[in-house]
Amino acid sequence: MFWKKKRLDQVDPDTPVKTIADLINQLKSNPDFTHFKHKGETFTCWVSFIQTMVDVDYIHRDIFPVLYSNRVHNIADAQATLPVEKIIRTKDMAVIQSKLLEGFIIIQENENRPDCLVIPSIKAQGRQVDQPEIETSIIGPRESFIESIDANINLVRKRIPIPQFSVEEMRVGKMSRTRVCILYVEGIANKENLNTIKQRITDLEIVNLIDATNLALLIADNSNSIFPQFLDTERPDRVAGAMCEGKIAVVVDGSPTALILPSTIVEFFAAYDDYFLAWPIASSYRLLRLFAIAFSAASSALYVAVLTYHYQLVPKDLMGTLIVSRSSVPYDPIIEVLLLEIMIELLREAGARLPTKVGQTIGIVGGIVIGTASVQAGVTSNILLIIIAMSALAAFITPNYRMATTIRFIRFPFIISAQILGLLGVALCFMAFVCHLIKLTSLGRPFIEPIYPVRVTDLKDAYIRLPLNQQTMRPLFLRSGDAHRSNQKRLLAKKGKHSPDIDE
Amino acid sequence: MKKINETHTVGPLAAFFIPQAMQIGVGFLSFASVVTKASGQDAWIAVLISGLSTLLVMWFILRLLENERKYGTPDLFSVHYRIFGKRIGAILNFLSFLYVIGFSVAYLRSIIEILQVEIFNQLSTLSFSILFCLIVWYIVIGGIRNILGVCLLSFIYLVPVFSTAIFVVPHAHFSNLLPIFDHGLQDILSSSFVSTFAYLGFEFLLFVYPFIKSPKDAKKWAYFGLLTTMYTYLMIVLLSILFFGQGELQNTIWPALTFWKSVRFPFLEHIDIICVIILLWNLVPVISLCSWVLARGIKFTFPNVKMKYSLIGILILTIVLTVLIQNGEQVKQVGALINNSGFIFIYLYIPLLLFCQWLKKILSGESA
């Protein structure tokens with residue numbers, strides 16, 4: 001078709017250069033590429049590596065002394081004597097090229113022949129394991145993922161030290177060649193889920209993959225939905241917990257978050273702290289969160305609807321307060337609400353973008369000054385100010401940041417429909433969102449699972465969290481290989497047959 | 001028609017939620033005043049009778065469908081085709097289409113009528129039904145599983161609406177129920193007849209049945225669903241009799257709304273608007289299931305027409321028919337029409353169909 005112009009022939013970085021001489025020539029101009037000939041008494045070879053990618057100390061300490069010693073006569077000797085595991089001897093140009101660029105050393109006997117040794121010497125660089133900053137918790141473990149995929153896998157694996165713990169690695173991105181690892185517990189994770197994930201990741205046609213959340217968007221069931229369909233977390237304990245339930249985790253190199261798949265909507269509103277508190281307390285926190293979300297999504301829309309169309313719903317005494325508060329405001333409730341909502345959004349966005357130290361100050365100054373001043377100036381009513389501030393707070397009660405932004409976003413369609421059709425509009429908008437949620441799937445599993453389809457055993461860990469020893473089943477929607485978490489019979493046998501009477 | 005894929009079937013609980021969602025609806029707002037017209041304080045007996053009779057009809061329906069299972073898809077369309085042949089079967093199917101679309105339009109229009117009286121006097125029938133049909137379209141393209149999801153949610157959302165009945169208790173006059181059995185059988189039966197409209201809807205199981213997994217378990221859920229509906233209606237009638245005086249009850253068009261106007265909270269003057277809006281939720285499964293049934297029926301008759309395309313036509317037709325009904329009087333007439341045809345459909349036609357099925361079996365000389 002005429003609107004689909006033929007693009008220029010794209011350079012495909014997947015195709016390897018033809019010969020090793022080409023590769024070396026291509027890299028030669030880079031200042032950090034080292035390529036030299038070593039001439040020893042018994043053995044002569046060509047060494048090449050990228051200085052910025054390899055651990056130079058390690059090469060000087062452990063590799064060169066062996067290579068330069070008199071024991072080595074040919075390349076096979078070198079392979080046998082070098083004190084390094086996982087040395088590859090290959091002629092495959094694709095392997096050579098990718099390894100060289102990842103930080104391996106290449107040793108050739110002849111500069112123009114591709115027969116060579118590939119020795120791993122990757123420089124590990126990055127920050128130390130740190131405290132979680134997004135999903136903070138007051139009690140419980142304080143480790144969070146970092147940018148190195150190996151460290152992240154280590155954090156999870158040490159929590160599940162069993163041989164069934166499996167890792168599968170693949171590379172994504174034509175140019176970035178990002179390492180993506182799928183972690184699961186064999187025998188518990190559902191095979192179908194696993195295959196779906198692998199299929200989706202290998203089918204990706206992208207140039208570079210930066211982050212796990214980026215991957216989550218790319219492999220989502222419905223990429224047009226405003227609801228995140230895969231849970232992202234920076235807590236290794238949460239990942240390990242989910243894997244024991246039969247879920248699958250995906251970690252991406254260079255990303256301090258892991259994805260948990262498949263997930264349901266209630267998991268986005270569950271903080272991991274809930275499992276560290278007594279169940280009545282944890283349950284009431286979850287219910288509080290649920291209320292907060294409902295409040296956050298609907299409060300300003302209800303304000304618009306009630307004050308614009310349905311003032312007969314307001315009791316007389318409350319009406320008096322509202323009238324006094326709104327008497328100096330010169331325009332409709334919708335304008336007032338939009339003004340304040342956008343102001344709060346600005347504060348939030350500024351707080352996120354500004355450097356930490358400035359950000360806090362600006363947030364406080366902005367919040368207090370703008371808030372009080374706008375009420376005193378008569379631009380907004382103070383009741384609305386309370387409502388909006390509370391709903392902004394309530395939105396960020398959501399433990400997951402991506403879900404919190406969704407909740408912040410959702411209120412705008414509600415406000416606009418409230419202006420158009422009043423409470424009826426709010427109801428229609430709510431219907432549309434709920435219908436969307438009913439349709440939504442996460443990895444082919446229903447997204448609002450314990451509610452529809454109804455699964456009573458999964459409801460034990462949804463809006464409320466029942467005692468942990470009552471949760472003997474793994475989540476049903478996962479169709480895990482082993483549905484039981486613990487052996488019910490043994491659990492009952494340990495308790496004994498009869499409970500003693502009073503004073504017995 | 002192709003065999004139904006297992007990924008598109010629904011669990012046995014569907015037999016509870018689908019008839020339930022189809023039955024309970026806008027009818028119950030005016031239910032109490034309509035039913036008590038003829039039989040006064042004895043109306044609850046009438047409601048009980050028609051409720052129990054629905055159980056019998058459900059038995060007929062399940063019998064009919066189970067007998068049909070060995071010949072192919074157990075739904076009404078294939079029953080018609082098999083028993084009456086292609087031509088007469090198609091005519092009967094067309095008549096059932098008319099019933100289904102009538103049901104959906106009557107429902108949609110009567111809730112718009114309530115919205116126009118209670119909330120927005122100038123609410124445009126056209127724009128509201130277009131907005132609404134967009135949501136319905138979005139549901140129905142997701143298939144039967146999504147429709148079941150909406151049925152389930154509408155059940156959940158209606159629970160708070162029905163629990164407002166608790167506010168009747170302080171104002172209940174139990175002497176309103178006396179004298180019991182003051183009315184003749186004829187009065188009571190005529191009350192039962194008018195209460196049929198409220199009970200209509202469970203016959204949609206005739207169309208959904210092939211999509212239900214493990215139909216054996218589904219049977220008890222189907223009866224249980226009918227009993228729940230009966231209980232709900234019985235409660236509504238009893239509480240309305242206890243709350244209102246007889247003359248007042250019969251002169252109110254929507255007694256439930258009048259009652260909701262009297263319920264007060266510290267931050268709410270009255271709750272009628274909120275209850276009506278929650279009731280809107282009940283409209284979604286009804287219209288979705290009706291449109292789904294029609295689209296499926298069209299595909300059954302003309303296998304080349306895809307459901308996703310015929311659905312658009314059906315929704316446009318629903319909108320047009322809804323707009324054609326202009327005022328409250330016409331809404332009432334359409335309601336009465338659906339009531340009568342529904343009465344004929346469930347109490348006369350379904351037993352007749354079961355009889356025809358039996359006759360066909362005898363005539364074709366199969367052993368029992």
Please identify the GluC sites (Glu not before Pro) of the stretch A:27-106 that satisfy two criteria: DSSP loop assignment and at most 12 other Cβ atoms within 10 Å. Which are they?
A:E41, A:E85
Quick shape check on the stretch A:129-212: root eigenvalues a ≥ b ≥ c of the Cα gyration tensor, a/c under 1.5 is rounded, otherwise prolate if a/b tops b/c, else oblate, and it reads oblate
Of the listed peptides B:103-114, B:296-307, what is their order by residue-averaged count of other C-beta atoms within 10 Å, with the highest listed first?
B:103-114, B:296-307
For chain A, which DSSP H helices look membrane-span-like by this rule: Cα extent along the axis of 27 Å or more and mean Kyte-Doolittle of at least -0.5?
A:279-308, A:333-353, A:401-439
Per residue, how many Å² of accessible area does the stretch B:298-368 show with a 1.4 Å probe?
63
7 Å from Cα along Cα→Cβ at both A:R353 and A:I323: what's the point-to-point distance in nm?
4.4
Low-density loop positions, trypsin sites (Lys or Arg not before Pro), the stretch B:217-280 - DSSP coil, at most 12 other Cβ in 10 Å
B:R264
Work out the FRET efficiency for B:K308 and A:A389 from their Cβ-Cβ distance, taking R0 = 51 Å, and round it to the nearest 0.05.
0.65
Give me the inter-chain shielding for A:315-328: mean count of other chain Cβ atoms within 10 Å, whole number please.
1
Given the pairs A:K191/B:K219; A:K91/A:K158; A:K439/A:K460; A:K357/A:K460, which span a C-alpha to C-alpha distance of over 31 angstrom in this model?
A:K191/B:K219; A:K91/A:K158; A:K357/A:K460
Under 18 Å Cα to Cα from B:K332, which aspartates and glutamates show up? Leave out anything in the same chain fewer than 8 places away.
B:E113, B:E118
Could you pull out every residue, at least 5 positions away or on a different chain, whose amide H is within less than 5 Å of the one on A:S442? Hs are placed 1.01 Å off N in the peptide plane, and Pro or chain starts have none.
A:F447
Accessible-area composition of chain B, carbon plus sulfur, in percent [1.4 Å probe]:
69
Label point 7 Å out from A:V365 along Cα-to-Cβ: which residues of the stretch A:327-356 have amide N under 17 Å?
A:346-356
The stretch B:330-368-the stretch B:245-302 distance, computed between alpha-carbon centres (Å):
28
For the stretch B:297-363, what does the alpha-carbon gyration tensor say about shape, rounded, prolate or oblate, given a ≥ b ≥ c as the root eigenvalues, a/c under 1.5 as rounded, and a/b over b/c as prolate?
oblate
Can you work out D for the stretch A:14-71 in µm² s⁻¹ from Stokes-Einstein, where Rh is the Kirkwood radius over C-alpha pairs, the temperature is 10 °C and the viscosity is 1.306 mPa s?
122
What is the spin-label model distance, in nm, from B:L337 to A:T34 if the labels are put 7 Å beyond Cα along the C-beta direction?
9.1
Summed side-chain charge close to A:I50 - residues other than A:I50 whose Cβ falls under 11 Å, Lys, Arg +1, Asp, Glu -1:
0
Label-point separation, A:K494 to A:R171 (7 Å along Cα→Cβ), nm:
4.7
If one takes the accessible area of chain B alone plus chain A alone and subtracts that of the pair, with a 1.4 Å probe, what total in Å², rounded to the nearest 100, results?
2500
Highest GNM mean-square fluctuation among B:Q326, B:Q41, B:Q122, for chain B with Cα springs under 10 Å, belongs to B:Q122
Express the relative contact order of chain A as a whole percentage, based on alpha carbon pairs under 8 Å and six or more residues apart in sequence.
13
For A:R465, list long-range residues whose amide hydrogen, built 1.01 Å from N in the peptide plane, is under 5 Å from its own amide hydrogen.
A:S283
Mind checking which of B:D182, B:D75, B:D42 has the largest fluctuation in a GNM of chain B, springs on alpha carbons under 10 Å?
B:D182
What is the sum of charges, Lys and Arg at +1 and Asp and Glu at -1, for the other residues whose Cβ falls under 9 Å from the Cβ of A:Q131?
-2
Shielding of B:266-272 by other chains, given as the mean Cβ count within 10 Å, works out to 4
The summed charge of the A:I24 Cβ neighbourhood (under 13 Å; Lys/Arg +1, Asp/Glu -1) stands at +2
Residues of type lysines that A:K316 reaches as a straight line, Cα spacing below 24 Å, ignoring anything fewer than 8 places off in the same chain
B:K261
Per 0.36 nm of contour for each residue apart, how much would the distance between A:T457 and A:N74 grow if the chain were fully extended, relative to their Cα-Cα spacing?
131.3 nm
Contour minus Cα-Cα span, B:F267 to B:Q122, at 0.36 nm per residue, comes to 49.5 nm
Burial-style ranking of B:47-56, A:70-79, average other-beta-carbon count within 10 Å with highest first, yields B:47-56, A:70-79
Low-density loop GluC sites (Glu not before Pro), the stretch A:186-265, at most 12 other Cβ within 10 Å, DSSP non-H/G/I/E/B, are A:E205
What list of ³J(HN,Hα) values in whole Hz, one per residue of the stretch A:139-146 in order, does the Karplus curve 6.51 cos²θ - 1.76 cosθ + 1.60 (θ = phi - 60°) give from phi, with Gly and Pro shown as x?
10, x, x, 10, 9, 9, 5, 10
So which DSSP H runs in chain B come out at 15 Å plus along the axis (Cα) with average Kyte-Doolittle of at least 1.0?
B:27-39, B:43-68, B:76-118, B:125-140, B:144-163, B:272-301, B:307-324, B:350-363
Partner aspartates and glutamates whose C-alpha sits under 12 Å from that of B:K70, ignoring same-chain residues fewer than 8 away, are none
Using a probe radius of 1.4 Å on heavy atoms only, what accessible surface per residue do you get for chain A? Whole Å² is fine.
52
Please compute the contact order of the stretch A:151-224 in relative form: average sequence separation of alpha-carbon pairs under 8 Å and at least six residues apart, divided by the residue count, as a percent.
29
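The values are calculated or read from the model by the stated rules, or taken from the named source; none is laboratory data. This is a predicted model, so every value here is computed, not measured. Because the Cβ atoms are built from the backbone with ideal geometry, glycine has one as well, and the counts that use them run over all protein chains shown. The accessibility values were calculated without ligands, DNA or RNA, using every heavy atom of the protein model including side chains. Shrake-Rupley method; radii C 1.70, N 1.55, O 1.52, S 1.80 Å.
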